[in-house]
Amino acid sequence: MPKPITSLLPTSPGRLQFRFTLIGVLLLTISVGCSDQDRQNQPVSRPVKVFRIEKPATAGVKRFAGEVRARIETPLSFRVAGKLLERKVDIGDQVRKGQLLAILDGNDYRLAAQSLKAQLASLQADSNFLRDDLARYRELLAQQVISPPEFERHETAYTTARERTAALEAQLAQALNQLTYTELHADRDGVVTALAVDVGQVLAAGLAVVTLAQLDEKEIHFDVPEHRLAEIQRQQTVNVSLWSEDNRLIKARIREIASAADSASRTYRVKASLLEGLDAAQLGMTATVHIEANTASGIAIPLSAVYTPQNQPDRPLVWLVDEQAATVKSAPVRLGETLSGERIAVEGVAPGQLLVSAGVQRLEEGQTVRLREENALAGHGAIEGSL
């Protein structure tokens, strides 16, 4: 029968010390094992860099480069073809309504009118003779000297001559009109802004000769990119400054916004009518249009705050921080345009929320984090006039 373990141990003072040492080793081993197990069960608190989203600020004043143009700028042309004999104006000349601008060679039209005049005189003589002859035949018919068919024949001859005379008169009037069309006159007061022909050229009817701009209405033409178009409205009052007088602001009103973008620049042409300063704003001057945006700027966050899961690469997310529980939760966002300062415009988050701005790929849903408020980015939640 085996003996008890206690009987095998020494009973001397050395044996007593050995017992205490063995018990201490066993207790230390149990304590270390429990400590490691508790440490494995505790969640890992990861330090993160955060970003506080601020309320979007109202967008500031936008500036666009433009040019002073006349609202009505008409290319004038001859209504008939011919050789240009003389040009009476040059670029920059101010003209009055009815002033002679250019002259064509009108010899052919003059000869055509003279020919028609001669034909008309001959035909009118024949018509007058047939009219008098018809009066005599009417008397003979009343006396029953001639038969009715004979009278009708003379009546028909007179009617034909009369109508031919009327047609020739219309042709002569047309020829005389064409003769007057060999002179080009200004149809309104204005200034010559372009000349397309020189003396000696043979011109076709309708070819632009002189471009005349009206001075009583001026406007600013400028181009707006498509992402700024929503900030501008028709009839909106804007300020305009000229390069020659940069400190002076002139009132203008948006008159027209193009319905389609330019195929080359992908911008929209906007026209603003000047309400004052018409004398100072000379045609062709460079101008700056100052427009106060009527929309609020969007929310911008750091690019480093956005991540996409591996199983959903087309779904951008951000980590929102629960400040009371010190945990994170993912939230989907919709991305906008990329901005300066490594920021991006987003939708789906609200001002005042706190989100993780660095190390987003290492976090998990509901993970405990340790905030580093001293590194929080503040004051950049609004896109300072960049949207």
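What number of residues within region 243-260 are part of a loop (DSSP other than H, G, I, E, B), of a type outside the set (A, V, I, L, M) and out of contact with any strand residue (DSSP E or B) (no Cβ under 6 Å at 6 or more places or on another chain)?
Here the count works out to 6.
Starting from region 252-281, take each residue that is in contact (Cβ under 8 Å) with a residue 24 or more places away in the chain and more than 19 Å from residue 292 (Cα to Cα) and list its partners that are assigned to a loop (DSSP other than H, G, I, E, B) and of a type in the set (Lys, Arg), counting only C-beta distances under 8 angstrom and pairs at least six apart or across chains.
Matching pairs, first to second residue: 277/248; 280/248.
Take residues that are touching a residue at least 24 places away in the same chain (Cβ under 8 Å) and either closer than 18 Å to residue 55 by Cα or of a type in the set (Phe, Trp, Tyr) (or both) and tell me which of the strands (runs of 3 or more DSSP E) falling wholly in region 306-369 contain 3 or more.
Where strands (runs of 3 or more DSSP E) fall fully within region 306-369 and carry at least 3 residues being touching a residue at least 24 places away in the same chain (Cβ under 8 Å) and either closer than 18 Å to residue 55 by Cα or of a type in the set (Phe, Trp, Tyr) (or both), they are 317-322, 334-339, 343-347, 354-358.
Within region 94-147, work out how many residues are in contact with a Pro (Cβ under 9 Å, 6 or more places away or on another chain) and of a type in the set (D, E, K, R).
0
State which residue is surrounded by the fewest Cβ atoms within 10 Å (Cβ to Cβ) when the search covers only region 166-200 and only residues that are part of a loop (DSSP other than H, G, I, E, B) and among the hydroxyl-bearing types (Ser, Thr, Tyr).
That would be 181.
This table checks each residue for (1) surrounded by 14 or more Cβ atoms within 10 Å (Cβ to Cβ); (2) among the β-branched types (Val, Ile, Thr).
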position	(1), (2)
209	yes, yes
222	yes, no
234	no, no
256	yes, no
269	yes, no
287	yes, no
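Quick check, is residue 215 closer than 30 Å to residue 96 by Cα, touching a residue at least 40 places away in the same chain (Cβ under 8 Å) and loosely packed, with under 15 Cβ neighbours inside 10 Å?
No, not satisfied.
Taking the residues in region 62-81 that are out of contact with any Lys or Arg (no Cβ under 9 Å at 6 or more places or on another chain) and among the charged types (D, E, K, R) as candidates, determine which candidate is surrounded by the most Cβ atoms within 10 Å (Cβ to Cβ).
73
In region 201-223, what residues are in a strand (DSSP E or B) and either closer than 16 Å to residue 68 by Cβ or touching a Ser or Thr at 6+ places or on another chain (Cβ under 6 Å) (or both)?
The answer is 208, 209, 211, 212, 213, 218, 219, 220, 221, 222, 223.
What are the residues in region 261-305 that are within 25 Å of residue 237 (Cβ to Cβ), part of a loop (DSSP other than H, G, I, E, B) and among the aliphatic types (A, V, I, L, M), if any?
Scanning region 261-305 gives 261, 275, 278, 280, 281, 283, 285, 293.
Is there a residue in region 52-74 that is aliphatic (A, V, I, L, M) and over 42 Å from the mean Cα position of the chain (by Cα)?
No, region 52-74 contains no residue that is aliphatic (A, V, I, L, M) and over 42 Å from the mean Cα position of the chain (by Cα).
Pairs needed: first member in region 124-137, of a type in the set (D, E, K, R); second member anywhere, assigned to a helix (DSSP H, G or I); C-beta distance under 6 Å; at least 6 residues apart or different chains.
126/161; 131/158
Looking at 299, 344, can you tell me which residue is under 35 Å from the mean Cα position of the chain (by Cα), modelled with pLDDT under 85 and among the aliphatic types (A, V, I, L, M)?
Of the residues listed, the single one that is under 35 Å from the mean Cα position of the chain (by Cα), modelled with pLDDT under 85 and among the aliphatic types (A, V, I, L, M) is 299.
Among the residues of region 82-100, which ones are of a type in the set (Asp, Glu) and surrounded by 13 or more Cβ atoms within 10 Å (Cβ to Cβ)?
93 - this is the single residue of region 82-100 that is of a type in the set (Asp, Glu) and surrounded by 13 or more Cβ atoms within 10 Å (Cβ to Cβ).
The values are calculated or read from the model by the stated rules, or taken from the named source; none is laboratory data. Just so we're clear, the structure is a prediction, and the values are computed from it rather than from any experiment. Neighbour counts run over all protein chains shown; Cβ positions are idealised from the backbone, glycine included.
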